[in-house]
Amino acid sequence: MFVAVLPPEAARDELERFLEPRPGLAWTDPSQWHLTLTFCPSVDEWRIDDLVERLSSVARRHEPFRLRLAGAGAFPSVERARVLWAGVEGARAAGALDALAAGTRSAANAAGCRPDGARFRPHLTLARLRGRDDATSWLRVLGTFAGSEWTVSEIVLVESFLGEGPRGRARHEVVARLPLGGSGQSGWPDPMAT
């Protein structure tokens, strides 16, 4: 499971249009684009209610903020890229994401969900590579992207089902939507929503 910020459809469409004329990589599915705040490799089913309550409390303590996707990078390095990613722009947005990541990690720990120990770096995964690729030329192109601003008004808890999606990739299912700043109803998704 993971806690994330999901870009709205308009932001995903902008990025998808930017990537569309650039063949050569297996781009990740735009419907799964997200900014991971906290990743928990394994969560016991009986812990989910407690986790949702704790995440809801974290979300209520943070006000909505503006964000835009801009720039690019590679993990672990440009010379041996395994992941190409889009970044976020603005000190306020980065600070807000850092605070949310720290809060959601703390909530996951308190709920006994053992989040991974990876250092938080706000990014949206665009493509996965073999790890032997020099990404310099790709980053020159991807680094020119700057999307429109949008308001982050919620965080989501997502369950990932490995190998169940298209082409054997993960399938993601939103378990709970948690509004920031107490701006709406807390908790479980509406089963009637599309």
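Summed over the range 1-36, residues that are in a helix (DSSP H, G or I) and closer than 14 Å to residue 84 by Cβ total 3. Across the range 69-79, the number of residues qualifying as surrounded by 15 or more Cβ atoms within 10 Å (Cβ to Cβ) and touching a strand residue (DSSP E or B) at 6+ places or on another chain (Cβ under 9 Å) comes to 7. The single condition among (1) over 28 Å from residue 136 (Cβ atoms); (2) crowded, with 17+ Cβ neighbours inside 10 Å; (3) among the aromatic types (Phe, Trp, Tyr) that residue 46 does not satisfy is (2). Of all residues in the range 122-148, those satisfying the criterion of being basic (Lys, Arg), exposed (fewer than 15 other Cβ atoms within 10 Å of the Cβ) and touching a residue at least 24 places away in the same chain (Cβ under 8 Å) are 130, 132.
Restricting the range 85-103 to residues that are over 14 Å from the mean Cα position of the chain (by Cα) and not small (Gly, Ala, Ser), the residue that is farthest from residue 126 (Cα to Cα) is 92.
Restricting attention to the range 8-43, which residues are open to solvent by 50 Å² or more (accessible area, probe 1.4 Å) and among the aliphatic types (A, V, I, L, M)? Residues satisfying the conditions are 10, 26. Taking into account only those residues within the range 12-47 that are over 20 Å from residue 101 (Cβ atoms) and of a type in the set (A, V, I, L, M), which is modelled with the lowest pLDDT? Among residues in the range 12-47 that are over 20 Å from residue 101 (Cβ atoms) and of a type in the set (A, V, I, L, M), the one modelled with the lowest pLDDT is 26.
Taken together, 82, 105, 92, 66 contain a single residue that is more than 19 Å from residue 157 (Cα to Cα), of a type in the set (D, E, K, R), assigned to a helix (DSSP H, G or I) and open to solvent by 10 Å² or more (accessible area, probe 1.4 Å), which is 92.
I need the strands (runs of 3 or more DSSP E) fully contained in the range 113-161, keeping only those with at least 2 residues that are over 18 Å from residue 177 (Cα atoms).
Working: elements: 124-133, 150-152, 154-161.
Where strands (runs of 3 or more DSSP E) fall fully within the range 113-161 and carry at least 2 residues being over 18 Å from residue 177 (Cα atoms), they are 124-133.
The single condition among (1) more than 22 Å from residue 15 (Cα to Cα); (2) open to solvent by 70 Å² or more (accessible area, probe 1.4 Å) that residue 118 does not satisfy is (2). Out of curiosity, is residue 160 of a type in the set (Gly, Ala, Ser) and touching a Ser or Thr at 6+ places or on another chain (Cβ under 8 Å)? No, not satisfied. Only one of (1) modelled with pLDDT of 95 or more; (2) open to solvent by 30 Å² or more (accessible area, probe 1.4 Å); (3) in contact with a Leu (Cβ under 6 Å, 6 or more places away or on another chain) fails for residue 5. Which number is that? Status for residue 5: all satisfied but (2). The single condition among (1) of a type in the set (Ser, Thr, Tyr); (2) more than 15 Å from residue 157 (Cβ to Cβ); (3) surrounded by 15 or more Cβ atoms within 10 Å (Cβ to Cβ) that residue 56 does not meet is (2). The condition (being open to solvent by 40 Å² or more (accessible area, probe 1.4 Å), at pLDDT 95 or above, more than 30 Å from residue 22 (Cα to Cα) and out of contact with any Gly (no Cβ under 7 Å at 6 or more places or on another chain)) is satisfied by just one residue among 183, 153: 153.
The values are calculated or read from the model by the stated rules, or taken from the named source; none is laboratory data. Since we're looking at a predicted model, the values are computed, not measured. Positions of Cβ are generated from backbone atoms using ideal geometry, with glycine treated the same way; all protein chains shown enter the neighbour counts. Side chains included, ligands, DNA and RNA excluded: accessible areas come from the protein's heavy atoms. Shrake-Rupley method; radii C 1.70, N 1.55, O 1.52, S 1.80 Å.
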